[in-house]
Amino acid sequence: MAKRSTQRTVLSAENLDTIKVKTPHSLTGRMCAASRHKETLRTDSLFHDPLAYRLAGAEGREKPMGDWVMVPRTRFVDDLIVKHVRRLESESISPRTTNIVLLGAGMDSRAFRLPGIQNTIIFELDQETTFQVKEPILRDEALKCRERYTLILDFAKDGENAMRKALEGHPKFDNMRPTIWILEGSHHPHS
């Protein structure tokens with residue numbers, strides 16, 4: 001059953017860089033962050049992710065994941081989110097709150113870096129080990145969205161209805177709001 005992440009452990013910057021995730025799925029998230037970091041260093045980068053280096057950690061930076069697919073995919077999804085948030089806001093008479101649900105969120109940092117998402121509430125769903133590493137890294141970072149929530153969910157173990165139950169049970173998820181659903185890169189067998 002899904003539960004909310006409440007990780008509050010205080011770790012040093014060095015420990016955060018060397019701490020390891022516990023599953024291959026979560027390691028993939030760190031490897032993806034390493035690819036975003038490499039792209040951020042380029043003078044002609046397609047996006048800028050100032051958190052990617054820290055989110056990747058040493059274990060992710062050792063083996064970045066396929067820049068040839070990660071970079072354009074990241075840019076495509078960034079643009080898709082911003083485009084649809086703008087469209088939804090332009091169709092509304094007053095400021096409209098939009099849900100963004102990131103399934104298998106990994107080390108995603110869009111809540112902290114995308115422009116124009118100030119009226120969104122982001123829900124990140126992933127394994128507990130991901131958030132045990134990710135949340136201390138992001139603890140002092142300012143959000144670009146209105147609110148961000150993490151929900152612990154292991155898609156392989158929790159069953160097909162667990163995601164719906166987790167979101168429906170969350171006090172901030174309003175299924176009457178427009179929702180942008182992102183399932184990015186979860187087609188690889190991780191567990």
So, Arg96, is that one in contact (Cβ under 8 Å) with a residue 12 or more places away in the chain, under 17 Å from Gly116 (Cβ atoms), part of a loop (DSSP other than H, G, I, E, B) and of a type outside the set (Asp, Glu) or not? yes
Pick from the range 161-177 the residues that are within 24 Å of Ser26 (Cβ to Cβ) and free of Cβ contacts under 8 Å to residues at least 24 places away in the same chain: which of them is surrounded by the fewest Cβ atoms within 10 Å (Cβ to Cβ)? Asn161
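Can you tell me which of Ile180, Ile122, Ile137, Ile100 is closer than 25 Å to Arg75 by Cα, in contact with a Cys (Cβ under 6 Å, 6 or more places away or on another chain) and surrounded by 15 or more Cβ atoms within 10 Å (Cβ to Cβ)?
On the way: Ile180 fails: in contact with a Cys (Cβ under 6 Å, 6 or more places away or on another chain); Ile137 fails: in contact with a Cys (Cβ under 6 Å, 6 or more places away or on another chain); Ile100 fails: in contact with a Cys (Cβ under 6 Å, 6 or more places away or on another chain).
Within the list Ile180, Ile122, Ile137, Ile100, the selection yields Ile122.
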Is it true that some residue in the range 127-138 is touching a Phe, Trp or Tyr at 6+ places or on another chain (Cβ under 9 Å) and within 23 Å of Leu27 (Cβ to Cβ)? yes
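Go through the range 145-190 and give me each residue that's in a loop (DSSP other than H, G, I, E, B), within 13 Å of the chain's Cα centre (by Cα) and on the phi < 0 side of the Ramachandran plot. Spell out the reasoning first.
Taking the range 145-190 first, the residues in a loop (DSSP other than H, G, I, E, B) are 145-146, 153-154, 159-161, 169-178, 184-190.
Next cut, within 13 Å of the chain's Cα centre (by Cα) only: 145, 184-186.
Residues satisfying the conditions are Cys145, Glu184, Ser186.
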What number of residues within the range 88-124 satisfy the criterion of being more than 21 Å from Leu167 (Cβ to Cβ) and aromatic (Phe, Trp, Tyr)? 1
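Only one of these is assigned to a loop (DSSP other than H, G, I, E, B) and surrounded by fewer than 21 Cβ atoms within 10 Å (Cβ to Cβ): Gly116, Gly106. Name it.
Gly116
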For Val71, are the conditions met, namely being touching a strand residue (DSSP E or B) at 6+ places or on another chain (Cβ under 7 Å) and under 21 Å from Arg110 (Cβ atoms)? no
Residues in the range 53-68: is at least one surrounded by 21 or more Cβ atoms within 10 Å (Cβ to Cβ), under 21 Å from Thr129 (Cα atoms) and within 14 Å of the chain's Cα centre (by Cα)? yes
Taking the condition touching a His at 6+ places or on another chain (Cβ under 9 Å), within 19 Å of Gly57 (Cβ to Cβ) and of a type in the set (S, T, N, Q), does Thr150 pass? no
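No lab work stands behind these numbers, since they all come straight from the coordinates. Keep in mind the model is a prediction, meaning the values are calculated, not measured. Heads up, the Cβs are rebuilt from the backbone with ideal geometry, glycines too, and the neighbour counts pull from every protein chain shown.
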